[in-house]
Each structure stands twice: as C-alpha cells, then as structure tokens.
Amino acid sequence: MKTILVTGGAGYIGSHTVLQLLEANYQVIVFDNLCNASEESLRRVSALTGKSVTFVEGDIRNDTQLNSVFAQHSIDAVIHFAGLKAVGESVQKPLNYYENNVYGSINLCQVMAQHGVKNIVFSSSATVYGDPVSLPLRENMSTGHPTNPYGMSKLMVENVLTDLHSSDENWNIVILRYFNPVGAHPSGQIGEDPNGIPNNLMPYISQVASGKLEQLAVFGDDYDTADGTGVRDYIHVEDLADGHIKAIERLSLSMGLDVYNLGTGQGYSVLEMINAFEKACGKPISYKIAPRRSGDIAACYADPTKAATELNWNAQKSLEDMCRDAWHWQSNNPQGYTS
Ligand code: NAD
Ligand code: WQD
C-alpha cells in the first residue's frame with residue numbers, strides 16, 4: 001500500500017482528495033497548520049470512508065516538523081496543497097504569500113530531498129496564464145504575468161519545480177493548473193468553508209441562497225462575452241480530486257515533469273451560474289450589477305485534452321451536479337464546519 005503525504009489536506013480540495021485516496025486504498029498522512037481549515041473535515045472524511053487518516057498539525061515553513069513526519073513514515077509521494085489563496089489579501093500582504101507559498105514549497109522540497117522522496121503533485125492555478133491571449137488555454141501557452149502576488153507565487157513555485165527537475169531527473173513532478181473549483185462531496189458532509197465573506201462566486205451565491213448574505217454583486221456586465229458577464233471554467237471538486245489520483249498514478253510511472261490543466265473546457269458566465277444555482281436551490285438569487293472587480297479578466301477556460309490523453313482523466317460532472325452539491329453542503333452546514 002502506498003503512503004501519500006497531503007499538505008493542506010484538511011482544506012477544501014485537500015479533504016475531497018484525501019477521501020478519494022482512502023477509497024483507492026492509499027494510506028494518507030495529512031500535514032496542515034489549520035490556518036484555513038478545521039480538523040472536522042478529516043473526521044468527516046474518516047466517517048464517510050470508514051478509514052483513518054493520520055493527521056499532523058504543522059507548518060510547511062517549519063523544517064523540524066516536516067523532518068519528523070518524513071522520519072516517522074515511509075512516504076512514497078507528496079500532494080502539495082498547502083498555501084494561502086486569497087487574491088485580494090495577497091495584494092495587501094505579499095510577503096505572507098511569498099513566504100507561505102514560495103518559501104514553504106522550497107522548504108518542503110528540501111526536506112523531501114533529504115529523505116529521498118522525489119515524487120510531488122503541486123496545486124497550481126489557471127491564474128498563471130494571466131490575461132489570456134487566446135482561448136481555450138493550453139499548457140504550452142505563455143504563462144504571462146499573473147496580476148497579483150498570489151498568482152505570481154504559484155508561477156514562482158512552478159519555476160522552482162522546473163529547475164529542480166532540470167537539476168536532478170530523479171524528481172517526478174506533476175503540476176496541476178486548476179480552473180475554478182466548485183461543488184462539494186455529494187453526501188453534503190464536506191465542502192468549502194470560507195472564512196468571513198467569500199471572495200469567490202459560488203460560495204457567495206450559496207450564502208445568498210441560504211440567507212446568510214443579502215445580495216450578490218455581479219462584477220461587470222460589459223465584458224466582451226455573450227451576456228457581458230465574466231466567463232469561467234467551473235470544475236466540480238470531485239473531478240478535481242480524481243485528477244490527483246490520476247496524477248499519483250502517473251508519478252508511479254516515473255515520467256519526469258509534466259503540467260496539466262484541470263478544467264472542463266466549458267465556460268459559463270456569472271448570469272448562467274446564477275441561473276443554474278436558482279434551479280438547484282429552488283429560489284431566486286438576489287443580485288445587482290456592480291462595477292468590474294480590479295484584476296478580473298473577461299473569460300478563461302481550459303483545453304483539457306492533455307490531461308485526457310496522458311492522465312486518462314476527464315471531468316464527468318455537469319454544472320447541475322456542481323450547483324446541487326454546493327447547495328446540499330451549504331444547506332446542511334449553514335455555518336460551515338462549526339454548524
Ligand atoms: P484551502 O485554504 O481550503 O486549503 C489550503 C490548506 O492549506 C488549508 O487547510 C490551510 O490550513 C493549509 N495551509 C496553508 N498554509 C499552510 C502552511 N504554511 N503549512 C501547512 N498548511 C498550510 O484551499 P483550497 O481551495 O483547498 O486550495 C488548495 C490549493 O489549491 C492551494 O494551494 C490553492 O492555492 C490551490 N488552488 C485553489 C483554487 C481554488 O479556487 N480553490 C484554484 C487554483 C489553485
Ligand atoms: C468568478 C467570476 C467574477 C464574485 C479566483 C482566483 C484564481 C483561482 C480561482 C486560486 C468572475 C465574478 C465573483 C462575486 C462576481 N483561485 N464574481 N461576484 O476570479 O475566476 O478566480 O478563484 O487559484 O486564482 O483569481 O474566481 O469565483 O472569484 O470569480 O460577479 O461576488 O465571478 O468577476 O467573473 P476567479 P471567482
């Protein structure tokens with residue numbers, strides 16, 4: 001049985017991935033400092049799967065804590081989710097973002113190398129493409145200039161990993177560029193639990209539907225898109241988690257360094273998202289048109305062909321599934337994990 005260390009595994013995407021790893025009979029160790037998560041997510045993952053997860057509370061910037069995990073367990077590969085992800089906050093606190101995301105990742109790789117573990121899957125983001133020159137986005141297109149420190153931190157880690165692989169071909173690295181993860185496990189037991197007022201569209205809509213927030217502001221209706229609102233490639237978190245299982249399978253074939261988009265290839269506008277969510281929750285979502293949000297782009301969606309061909313991965317879930325599962329989670333857990 002293979003053992004996977006999952007950094008940031010108590011978080012949104014991490015918890016869904018841990019669940020699928022357990023279902024696929026991997027042994028899982030989660031390493032998370034709980035700065036944006038609760039251990040309750042892992043208790044629920046254990047309850048859903050009937051399997052246990054080893055949890056270590058620790059910080060990827062702390063090499064003593066990391067060393068002790070690698071010394072105590074025989075780890076085959078690392079899935080590295082740990083990091084900060086709020087775009088606006090990254091503009092206010094760039095040093096926190098570079099320290100957590102860039103220094104933390106370097107520290108993790110150093111400890112991995114010391115213990116001879118050279119298999120890693122890294123959570124990157126479509127944000128590294130910056131403002132797309134053309135769509136759909138393919139992995140070999142220019143990574144442009146991310147417009148905020150968060151995006152830049154992801155691009156910097158991609159570059160560090162690329163140089164690491166050039167220096168030592170024993171490193172097996174899969175970089176996954178996620179598009180817009182949404183939805184939740186169909187049980188409604190685990191899901192996205194943002195701190196404070198959500199920055200992202202889907203959790204915001206969910207909280208308007210549940211009555212926690214009053215009204216959604218639609219950031220701009222004058223983009224060059226079919227209905228004027230921003231278009232994104234929303235992907236069900238369950239499909240995303242499955243992409244990590246496929247990436248781990250690929251690592252076991254020792255294929256070097258590869259980059260994959262994880263998206264559906266289909267873009268939906270903000271108004272289409274509101275419409276789909278209204279159908280899922282059976283009530284109207286109050287919204288108003290507001291000015292554009294600084295740094296936003298008109299449209300962004302993936303060409304997911306490379307992941308389909310090389311990872312044998314395809315997104316299976318529809319927009320209807322995404323909205324139904326997001327609403328199931330939100331209505332079961334109006335206060336998130338503290339409900
Ligand atoms: P999340 O905040 O729910 O999960 C990140 C986890 O990392 C949290 O549990 C947090 O407590 C932990 N963490 C943060 N800093 C840490 C540190 N220094 N040491 C140990 N643990 C730490 O976020 P998520 O949505 O699950 O995202 C997971 C990863 O995917 C992140 O790297 C994020 O940047 C990336 N990503 C997310 C999205 C998205 O829209 N959700 C899109 C693209 C990429
Ligand atoms: C989607 C659409 C908004 C909120 C961000 C990060 C990206 C990645 C995913 C981590 C846009 C509109 C939103 C609202 C709105 N994260 N919107 N009202 O901006 O595509 O991507 O999350 O890697 O790096 O930048 O996602 O969900 O914030 O926005 O009208 O209250 O919804 O303008 O068109 P985005 P989002």
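Couple of notes before you dig in:
- Restricting segment 152-188 to residues that are within 16 Å of ligand 2 (Cβ to nearest atom) and more than 30 Å from L253 (Cβ to Cβ), the residue that is most open to solvent (accessible area, probe 1.4 Å): M152
- Looking only at segment 122-151, and only at residues there that are among the small types (G, A, S) and open to solvent by 40 Å² or more (accessible area, probe 1.4 Å), the one that is modelled with the highest pLDDT: S134
- Screening segment 251-264 for residues that are surrounded by fewer than 19 Cβ atoms within 10 Å (Cβ to Cβ) and in contact (Cβ under 8 Å) with a residue 60 or more places away in the chain and picking the one that is nearest to the chain's Cα centre (by Cα) gives L257.
- Of all residues in segment 96-120, those satisfying the criterion of being of a type outside the set (F, W, Y) and either within 16 Å of ligand 2 (Cβ to nearest atom) or modelled with pLDDT under 95 (or both) are N96, N100, N101, V102, G104, S105.
- Among the candidates Q20, Q27, residue that is more than 29 Å from E99 (Cα to Cα) and in contact with a strand residue (DSSP E or B) (Cβ under 7 Å, 6 or more places away or on another chain): Q27
- A count restricted to segment 75-107 and to residues that are in contact with a strand residue (DSSP E or B) (Cβ under 6 Å, 6 or more places away or on another chain) and either polar (S, T, N, Q) or open to solvent by 30 Å² or more (accessible area, probe 1.4 Å) (or both) stands at 1.
- Candidates M273, M322 - the one that is within 16 Å of ligand 1 (Cβ to nearest atom) and touching a His at 6+ places or on another chain (Cβ under 6 Å): M322
- The residues in segment 17-48 that are open to solvent by less than 10 Å² (accessible area, probe 1.4 Å) and in contact (Cβ under 8 Å) with a residue 60 or more places away in the chain can be counted, and the count is 5.
- Selection count where residues are aliphatic (A, V, I, L, M) and open to solvent by 10 Å² or more (accessible area, probe 1.4 Å), scope segment 312-325: 2
Matching residues to (1) under 18 Å from W327 (Cα atoms); (2) open to solvent by 10 Å² or more (accessible area, probe 1.4 Å):
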residue: I190; (1), (2): yes, no
residue: N195; (1), (2): yes, yes
residue: S210; (1), (2): yes, yes
residue: F219; (1), (2): no, yes
residue: D224; (1), (2): no, yes
residue: D227; (1), (2): no, yes
residue: R232; (1), (2): no, yes
residue: I235; (1), (2): yes, no
residue: A241; (1), (2): no, no
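The values are calculated or read from the model by the stated rules, or taken from the named source; none is laboratory data. For clarity, every value in this text was computed on a predicted model and none was experimentally measured. Counting neighbours? That spans all protein chains shown, and the Cβs are built from the backbone with ideal geometry, glycine included. The protein model used for the area step is the full one, side chains on, heavy atoms only, and it has no ligands, DNA or RNA in it. Shrake-Rupley method; radii C 1.70, N 1.55, O 1.52, S 1.80 Å.
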